[in-house]
Amino acid sequence: MRASEKLFVDYAGQTVPIVGRRTGEILFEAEIFVAVMGASNYSYAEATRMQTLPDWIGSHIRAFAFFGGVPEILVPDRWVNDYEKIRSEGMKGSENRHWSARESSI
C-alpha cells in the first residue's frame with residue numbers, strides 16, 4: 001500500500017456535547033467524522049451536527065483539503081449503509097468494496 005493510496009473514513013460512534021455559552025445547556029450531540037490514511041495513520045477528525053449526506057460529503061471535502069489531495073481509494077467502514085445512502089440519493093458509486101475518486105461523484 002502506498003502512503004496516499006487508501007483513506008479509511010467513518011463516524012466514530014461516540015458523540016460530543018455542544019454546550020451553549022450563555023445557558024450552559026447541551027444544545028446537541030455532535031457526530032465525529034474520522035478519516036485515516038492507511039499506510040501512515042495520518043488522521044483528520046471533525047465534529048458535524050448530524051450524519052446526513054451533506055455532512056458526510058462536506059466532511060470528505062474538508063478531509064481532502066486537509067490531506068492536500070484525494071486518495072486513490074476511499075474505504076468506508078459501514079460499506080452497505082454508506083453505499084445505499086449514496087445510491088438512494090442518485091449518486092454514482094462503485095460496485096466493489098472500495099471507491100476511487102474516478103468512480104464516485106464526491
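With the convex hull drawn around the C-alpha atoms of the range 6-73, the volume per residue stands at 96 Å³.
Proximity of backbone amide H atoms, modeled 1.01 Å from N, is registered between A30 and V16, I18 at under 5 Å, excluding neighbours fewer than 5 places apart on the same chain. Rounded to the nearest Hz, the phi-derived 3J(HN,Hα) couplings of the range 50-59 under the Karplus curve 6.51 cos²θ - 1.76 cosθ + 1.60 (θ = phi - 60°) are 9, 10, 6, 4, x, 5, 4, 5, x, 5, where x marks glycine and proline.
Only the coordinates and a few stated rules stand behind these numbers; no lab work does. In this text, all values refer to a predicted model and were calculated from it rather than measured experimentally.
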